Amino acid sequence: SLARNCGLELARGEYIMFVDADDWIDKNTSKVMLDVIKKNQADVVFWPYIREFENRSLKKKVYDEEVIVFNTEEVKDKLYRRFIGLVGKELKKTENADALCTVWGKIYKRSIIEKNHIRFHDIREIGTYEDGLFNLYYFQYVHKAIYINKYYYHYRKYNNQSITTRYNSKLYVQWNRLFEIMEEYIQNNKLPELYQKALNNRVALSILGQGLNIVASNKTHVEKEKLIRDILYMPRYRNAYKELKIKYFSSYWKIFYWAAKHGQSFMVYMLIVIIQMIRK
């Protein structure tokens, strides 16, 4: 089965959609998206989503346009490389770094998946981002993609048992494995230097996720700050921060990533604590 952990596969003959077990889609989603992908002979159709909190709903917009058609070169320039990471002015919106990475909110051609043996990586190996790798492998073969600016998917954000809300003591090791897989992919496919820059930026930006994970633990403040410092001074991260262009970030993130770039672990830790408090 193509179904991933905690997910459901909705198969309709030659097309396939995914829905996480604790999320939901509008009743007419399958029909609408089947019509769009068939009518336009597209390889994939994707759309934005609504984050469903206990007391509110927030739309997560990806693009402003109502409909965007990406042909082969545009797929490579604007979509495919994004599954590795952001570059240049894209860093202005770090909150959208992985807005395209989910397998839900998309409809795929089953033939592309089966012909190229595309499967999910085990999250026990990579921690998270199995969706992003799946899309990286899939979009390699996409010649036409369509974005529909309609909110058919509802992403539940109030499940405290989600794997994204629990402390994971193995996350640092797992994400390093994820970075290794991406680096091997770039080298094996002889992708341009821009892809390596995108990966370096992903490594640099990952201190936020690493930090939030550490702050969620039961460790002392001193222990948490030390773990963040250890990560910041690892060779992979130091190399990534050397290349990170702070000028592209918005004001708050300029401060945060300046601190990370210069190894200011206490400052990074305190800013992450503030972020966690705001998120609650």
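The values are calculated or read from the model by the stated rules, or taken from the named source; none is laboratory data. The structure displayed is predicted, hence computed values, not measured ones. Don't worry about glycine lacking a Cβ; one is built from the backbone with ideal geometry, like all the others, and counts go over all protein chains shown. Note: areas computed on protein heavy atoms with side chains; ligands, DNA, RNA excluded. Shrake-Rupley method; radii C 1.70, N 1.55, O 1.52, S 1.80 Å.
On a 30 Å Cα-Cα criterion, which of the cross-link pairs Lys39/Lys157; Lys93/Lys157; Lys60/Lys144; Lys89/Lys224; Lys31/Lys61; Lys31/Lys59 come out too long?
Violating the 30 Å Cα-Cα cut-off are Lys39/Lys157; Lys89/Lys224.
Which shape class applies to the stretch 82-158: rounded if a/c is under 1.5, otherwise prolate when a/b exceeds b/c and oblate if not, where a ≥ b ≥ c are the square roots of the Cα gyration tensor eigenvalues?
Rounded, because the longest to shortest axis ratio a/c is under 1.5.
Given a 1.4 Å probe and the protein chains all in place, what does the accessible area of Thr220 round to, in Å² to the nearest 10?
Estimated to the nearest 10 Å², Thr220 gives 70 Å².
How would the stretch 76-217 be classified by its alpha-carbon gyration tensor: rounded, prolate or oblate, with rounded meaning a/c under 1.5 and the a/b versus b/c comparison settling the rest?
rounded
With every protein chain left in place, what is the accessible area per residue of the chain in square angstrom, probe 1.4 Å?
Accessible area per residue, the chain: 52 Å².
Exactly which chymotrypsin sites (Phe, Trp or Tyr not before Pro) in the stretch 168-243 are in a DSSP loop and have at most 16 other Cβ atoms within 10 Å?
Tyr233
Rounded to a whole number, what % of the accessible area of the chain do carbon and sulfur atoms account for, probe 1.4 Å?
51 percent
Run lengths n ≥ 4 of DSSP H only: what is the helix-derived mean residue ellipticity at 222 nm for the chain, with -39500 (n - 2.57) per run over all residues, to the nearest 500?
-14000 deg cm²/dmol
Hey, any idea what Rg/Rh is for the stretch 132-275, computing Rh the Kirkwood way over Cα pairs?
1.00
Provide the descending list of Cα extents for the stretch 1-123 along its principal axes, expressed in whole angstroms.
Principal-axis extents of the stretch 1-123 (Cα, largest first): 42, 40, 33 Å.
Regarding the stretch 131-209, what is the average projected area of its C-alpha convex hull, in nm²?
For the stretch 131-209, the mean projected area of the Cα convex hull comes to 7.4 nm².
Just for the chain, what percent of DSSP beta bridges are antiparallel, to the closest 5?
Counting only bridges with both partners in the chain, antiparallel ones make up about 75 percent.
Looking at [x] 47, 37, 16; [y] 32, 21, 18; [z] 76, 22, 15, which value of semi-axes √(5λ) of the Cα gyration tensor in Å comes from a calculation on the structure shown?
Working out semi-axes √(5λ) of the Cα gyration tensor in Å from the coordinates points to [y].
How much length, in nm to one decimal, is gained on full extension between Leu58 and Lys39, taken as 0.36 nm per residue of separation minus their Cα-Cα distance?
Here the answer is 3.8 nm.
What helices does the chain have that are whole DSSP H segments, at least 24 Å long along their own axis by Cα, and with mean Kyte-Doolittle hydropathy of -0.5 or more?
171-188, 193-215
When the solvent-accessible surface of protein heavy atoms is calculated with a 1.4 angstrom probe, in what order do Val69, Val19 fall, highest first?
Descending accessible area places them as Val69, Val19.
Under a cut-off of 17 Å between alpha-carbon atoms, report the aspartates and glutamates in cross-link reach of Lys38, not counting same-chain residues fewer than 8 places apart.
Within reach: Glu14.
For Asp20, Asp26, write out the residues from largest to smallest accessible area, computed with a 1.4 angstrom probe and no ligands counted.
Asp26, Asp20
By accessible area of protein heavy atoms, probe 1.4 Å, what ranking do His221, His262 get, highest first?
Accessible-area ranking of His221, His262, largest first: His221, His262.
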